[in-house]
Structure formats: C-alpha cells, structure tokens
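Remarks on the structure that follows.
Every number here is computed from the coordinates shown, using simple stated rules; none is lab data. Quick caveat: nothing in here was measured; it's all calculated off a predicted structure. Cβ sites come from the backbone with ideal geometry, for glycine too, and all protein chains shown count toward neighbours.
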Amino acid sequence: MPQQRWTPEINKALAPRFEMADMDIPTQQETLGQIVADILRAGQSVNRKAICARLLTKLDGVSSKEMEMHYHGLLALVLGRE
C-alpha cells in the first residue's frame, strides 16, 4: 500500500482547519448542516431564503470577530459571491 508523504502544500492546505479547531469554530459544512436541520425541524422548506434568514439571525447574535467572519463567509457561499 503506497504511503502519502507529508509535504508543505498539504501542511498549508490543512492549517486553516487546525486553526479553526483550536478556536472551537465549526466548519462551514457543520454550520450549514445544523441550519438545515433546524429548518427541517421547524417544518419549513429548505431554500436559499430560509438559509439566509437563519444565517442573518445567527450573525446578529455573535460576539466574536471570528464567528462574524464565519457567518459572512457562509452568506457569501450561499449567495454565490465567494
């Protein structure tokens, strides 16, 4: 079985994920999954408008700059402006 070598490129690509883990910031996939689950539990349809509304509600309540950037990035992703 071939082994994958650790290269500087791999280190550079994985560094942001480890930094987020150190700050207890969820990944974009985790956050979107939680939002979709909340929408479904509420009996609503999952669509861009519902996701953006939830993201804006969560963005309104954040206290850290990191989480604010996290939600802004998700809004840009959902709106296709990344």
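Take the Cα of Q28, step 7 Å toward its Cβ, do the same at K49, and the gap between the two points is 2.4 nm. For the pair L40 and K65, the difference between a 0.36 nm per residue extended length and the Cα-Cα distance amounts to 6.1 nm.
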